[in-house]
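The values are calculated or read from the model by the stated rules, or taken from the named source; none is laboratory data. Keep in mind it's a predicted model, so treat the numbers as computed, not measured. Cβ sites come from the backbone with ideal geometry, for glycine too, and all protein chains shown count toward neighbours.
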Amino acid sequence: MYNPLSNKAEEFICDHEINNTIHYAREHKDNKQLIEEILEKAALCKGLTHREAALLLECDDRELNEKTFELAKEIKQKFYGNRIVMFAPLYLSNYCINGCVYCPYHAKNKTIHRRKLTQAEIRQEVIALQDMGHKRLALEAGEDPKNNPIEYILECINTIYSIKHKNGAIRRVNVNIAATTVENYKKLHEAGIGTYILFQETYNKQNYEALHPTGPKSNYAYHTEAMDRAMQGGIDDVGIGVLFGLETYLYDFIGLLMHAEHLEATYGVGPHTISVPRLCMADDINTDDFKNCVPDHIFHKIVAVLRIAVPYTGMIVSTRESQKSREKVLKLGISQISGGSRTTVGGYVENETESEHSAQFDVTDQRSLDDVVNWLLQLGYIPSFCTACYRAGRTGDRFMSLVKTGQIANCCSPNALITLKEYLEDYASDDTKAKGMAMIEKELEKIPNPTVKEHARDYLMKIEKGERDFRF
């Protein structure tokens with residue numbers, strides 16, 4: 001029985017309801033009037049149900065699909081403007097006891113070089129990231145109670161926040177680690193993490209269990225209910241996602257939205273972010289072994305329909321995607337991207353090409369952070385290193401209420417410009433700085449509130465004189 005208010009995984013992610021929704025979407029995909037009505041509803045920016053969104057995704061009418069893409073662009077612009085938040089992953093350890101068949105960290109892989117960073121090595125990695133200009137990190141670690149216990153993760157977080165190098169500082173640490181207990185989520189909350197991120201991989205229970213044959217991650221219910229425990233532990237910014245390619249895209253797309261609906265119905269706030277990674281080649285992993293890999297045109301449509309269905313939720317795309325693919329989805333709904341990423345443990349200090357036997361996945365977009373910032377500016381986006389909402393306590397329902405009323409723009413736009421100015425002064429190449437300064441002058445004039453505009457102008461001048469860390 002499907003019940004979004006249930007605390008049981010197989011009830012808020014109901015296989016019967018997903019299959020019924022797939023049948024509904026395929027049965028009605030040629031009903032132009034119904035799809036037009038759904039698009040009209042979506043234009044109100046209140047979101048869509050999983051069933052309505054599935055129908056839009058399944059529709060193959062060219063004209064209606066164009067309307068879907070245009071609406072996605074409009075909604076993206078309304079809520080996020082031309083701001084793109086920047087982050088980088090930091091891999092702490094690739095020790096793992098799970099048997100995930102799509103991940104090179106799996107316990108049976110004997111070719112991958114296993115490594116766990118010491119606190120001294122973490123300091124070196126963080127300084128390297130700060131010297132690039134990063135202010136926001138996503139911690140990554142395999143699941144191994146012996147090598148990567150919660151105490152190790154907490155120590156790493158404390159180390160990262162303590163490091164101040166020149167003008168560098170990591171102001172927000174998001175955490176992507178295995179499902180854990182309410183008590184451990186409380187500890188992560190007390191450590192001051194930003195968003196807790198956990199990908200479901202796939203919502204199909206039978207397929208999930210086949211893909212995760214051994215290790216604690218094989219427990220479908222425990223993994224799927226992790227966000228409930230995180231919320232109960234006080235973490236109100238959570239990030240969900242699936243690894244597209246493990247299951248049919250429509251099944252996991254529906255499951256993803258059902259998960260978002262469950263969090264909204266149960267806790268009054270949906271996911272802070274949704275990530276849309278696609279299966280990638282890696283050591284010991286060949287994508288040819290998976291039959292559900294998602295082609296570009298479907299991937300782009302998934303992003304567009306997600307943006308329409310969950311207009312208030314941040315959407316993330318990583319360096320798994322190529323420059324061309326990222327440029328496409330930026331228009332359609334993506335609001336956060338990584339830049340200058342390394343998916344190896346210790347990869348920022350060593351600054352080596354991803355080793356054949358050490359990366360979690362092959363990085364497709366291998367440009368430096370400055371190259372990515374320059375590219376975004378050239379495309380008309382504002383690269384933002386802002387972490388103000390987290391640090392000001394604007395999380396969970398407090399953040400969402402500001403987004404839904406449009407008031408968040410009074411903070412986001414000036415904060416984006418302020419943090420971009422910091423980057424330009426401290427880290428940018430001459431060409432990037434010239435483009436960025438022109439962007440700041442242009443966007444500063446668009447701030448509607450004259451008081452906010454004046455304060456922003458004052459902060460920008462102080463940054464130029466050497467002061468740092470202003471925020472609205």
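Annotations for the structure displayed:
- Only one of the numbered conditions (1) farther than 19 Å from residue 170 by Cβ; (2) touching a Cys at 6+ places or on another chain (Cβ under 7 Å); (3) without any contact (Cβ under 8 Å) to a residue 60 or more places away in the chain is not met by residue 399, and that is (3).
- Pairs linking a residue in the stretch 244-265 that is of a type in the set (Val, Ile, Thr) to a residue that is part of a loop (DSSP other than H, G, I, E, B), with Cβ atoms under 7 Å and 6 or more positions apart or on different chains, are 248/292.
- Out of 101, 126, one residue alone is under 30 Å from residue 278 (Cβ atoms), hydrophobic (A, V, I, L, M, F, W, C) and at pLDDT below 95. It is 101.
- Residues of the stretch 303-333 that are over 16 Å from residue 85 (Cα atoms) and either free of Cβ contacts under 8 Å to residues at least 12 places away in the same chain or touching a Pro at 6+ places or on another chain (Cβ under 9 Å) (or both): 310, 320, 321, 324.
- Of everything in the stretch 79-109 that is aliphatic (A, V, I, L, M) and within 21 Å of the chain's Cα centre (by Cα), the residue that is farthest from residue 378 (Cα to Cα) is 92.
- Residue 77 being in contact (Cβ under 8 Å) with a residue 12 or more places away in the chain and polar (S, T, N, Q): no
- Test: residue in the stretch 308-319 that is at pLDDT 95 or above, surrounded by fewer than 19 Cβ atoms within 10 Å (Cβ to Cβ) and in the same structural domain as residue 209 (by TED's automatic domain parsing): no
- Of all residues in the stretch 416-472 being among the aromatic types (Phe, Trp, Tyr) and within 20 Å of residue 335 (Cα to Cα), the one that is surrounded by the most Cβ atoms within 10 Å (Cβ to Cβ): 423
- Meets criteria (over 26 Å from residue 277 (Cα atoms), of a type in the set (D, E, K, R) and surrounded by fewer than 22 Cβ atoms within 10 Å (Cβ to Cβ)) for residue 205: no
Per-residue answers, yes or no, for (1) of a type in the set (A, V, I, L, M); (2) assigned by TED's automatic domain parsing to the domain that holds residue 201; (3) touching a His at 6+ places or on another chain (Cβ under 7 Å); (4) not in a strand (DSSP E or B):
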| site | (1), (2), (3), (4) |
| --- | --- |
| 107 | yes, yes, no, yes |
| 127 | yes, yes, yes, yes |
| 144 | no, yes, no, yes |
| 155 | no, yes, no, yes |
| 161 | no, yes, no, yes |
| 173 | yes, yes, no, no |
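- Any chance residue 140 is in a strand (DSSP E or B), among the charged types (D, E, K, R) and in contact (Cβ under 8 Å) with a residue 40 or more places away in the chain: yes
- Considering 79, 69, the condition of being assigned to a helix (DSSP H, G or I), out of contact with any helix residue (DSSP H, G or I) (no Cβ under 6 Å at 6 or more places or on another chain) and aromatic (Phe, Trp, Tyr) is satisfied by 79 alone.
- Apart from one condition, residue 236 fits all of (1) within 25 Å of residue 107 (Cα to Cα); (2) within 21 Å of the chain's Cα centre (by Cα); the exception is (1).
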